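Right, one structure below, let's go through it.
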């Protein structure tokens, strides 16, 4: 734990970014009533946040790669803070959408720089654990963000949820600025200029790893989008019980991230573990969809997201270690493909007539395809060549 203390500031920022991700979901009816808009219109704030992050991150990362990591993390945190302040005082839907875009741009700048910072500053024998802790912080944020937003809204209105994030971001900023002060190596890297955003696609190892990410996240997040509806159809769950499913998702993701970090540091065999976690995720999805009793479905969800967290930690460690000079850009593409895969998975499920079968095919099938690609000769050979 003592090794993690120098990264406390960036872990807090990752937690806040995670909390922001699903913040609007429980607030939709309240915001809609207050602003006099339909819920579907307010939901565009979620789409705006997601698209702004996914589309901007791969292009902003190379710009900030020319500066010390502290600059990118600091600028990103400030924009994230400003976005939440604007959201807290928004008087209409246009300002609220704009505020969410500003916050997303901040997260898109800070996030990839944080993963690069962790990979560069973590001790060589603890890199996986430090990255795993970062993903655990992000997962904890996503799990606690929804109930925390509901609590804040119940106490001080929906604006209070954004205000709390703004205050926490302001508290994190000086700690991040102090802990992430530049090293000599960062100054040298900054002087060498910035690589192209498409440089990762010219590297066979990174290209192959990102393809695995796309498939797995299509399975993972595509199926997760419909998980609540599937469980409600099967077990007629209350809103409170469905909220507890979110807790299982967060707990499983955080635990998987921590375990995968330790495994990665001890084995350094990420390609094999990507395949293992993909296969376990496929099993979790299938059992969660077809379980006949709720406890078995709940256990399957926990296993599913344990594998999800473990896969994400393993993939993140792999991406930043294969080409350290492209760590931030690889991380930005990792997030962009996460969202792209999720969109593809959702589109496929929506196009199929039977929801249970569709979720099974996408969640199980794409995850097994990711496992097969991770173990393919092309993927294994590219990684071996990159590390030789």
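The values are calculated or read from the model by the stated rules, or taken from the named source; none is laboratory data. Note that this is a predicted model, so its numbers are computed, not measured. Quick reminder, even Gly has a Cβ in these numbers, built from the backbone with ideal geometry, and neighbours come from all protein chains shown.
Key figures
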| item | result |
| --- | --- |
| Of all residues making up segment 186-240, the number that are at pLDDT below 85, under 29 Å from residue 121 (Cβ atoms) and in a helix (DSSP H, G or I) | 6 |
| Some residue of segment 26-47 being touching a helix residue (DSSP H, G or I) at 6+ places or on another chain (Cβ under 9 Å) and under 25 Å from residue 133 (Cα atoms) | no |
| Single unsatisfied condition, residue 56 versus (1) surrounded by fewer than 24 Cβ atoms within 10 Å (Cβ to Cβ); (2) within 27 Å of residue 33 (Cα to Cα); (3) in contact (Cβ under 8 Å) with a residue 40 or more places away in the chain | (2) |
| Qualifying positions in segment 371-388 - surrounded by 15 or more Cβ atoms within 10 Å (Cβ to Cβ), part of a helix (DSSP H, G or I) and at pLDDT below 90 | 379, 380, 382, 383, 386 |
| Count - residues of segment 359-370 that are surrounded by fewer than 24 Cβ atoms within 10 Å (Cβ to Cβ) and either in contact (Cβ under 8 Å) with a residue 40 or more places away in the chain or under 30 Å from residue 119 (Cα atoms) (or both) | 5 |
| Helices (runs of 4 or more DSSP H) fully within segment 29-92 counting 1 or more residues that are at pLDDT below 90 | 39-42, 44-64 |
| Selected residue (only one of 326, 337, 318 is under 30 Å from residue 242 (Cβ atoms), part of a helix (DSSP H, G or I) and not assigned by TED's automatic domain parsing to the domain that holds residue 55) | 337 |
| Any hit, segment 104-117, residues being part of a helix (DSSP H, G or I), more than 17 Å from the chain's Cα centre (by Cα) and under 22 Å from residue 200 (Cβ atoms) | no |
| Selection status of residue 262, over 30 Å from residue 4 (Cβ atoms) and either within 22 Å of the chain's Cα centre (by Cα) or modelled with pLDDT of 90 or more (or both) | no |
| Residue within segment 138-153 that is closer than 21 Å to residue 331 by Cβ, in a loop (DSSP other than H, G, I, E, B) and modelled with pLDDT of 85 or more present | no |
| The one condition in (1) surrounded by fewer than 24 Cβ atoms within 10 Å (Cβ to Cβ); (2) assigned to a helix (DSSP H, G or I) that residue 125 fails to fulfil | (2) |
| Matching residues in segment 20-40 - criterion: being at negative phi and surrounded by fewer than 15 Cβ atoms within 10 Å (Cβ to Cβ) | 25, 29, 33, 38, 39, 40 |
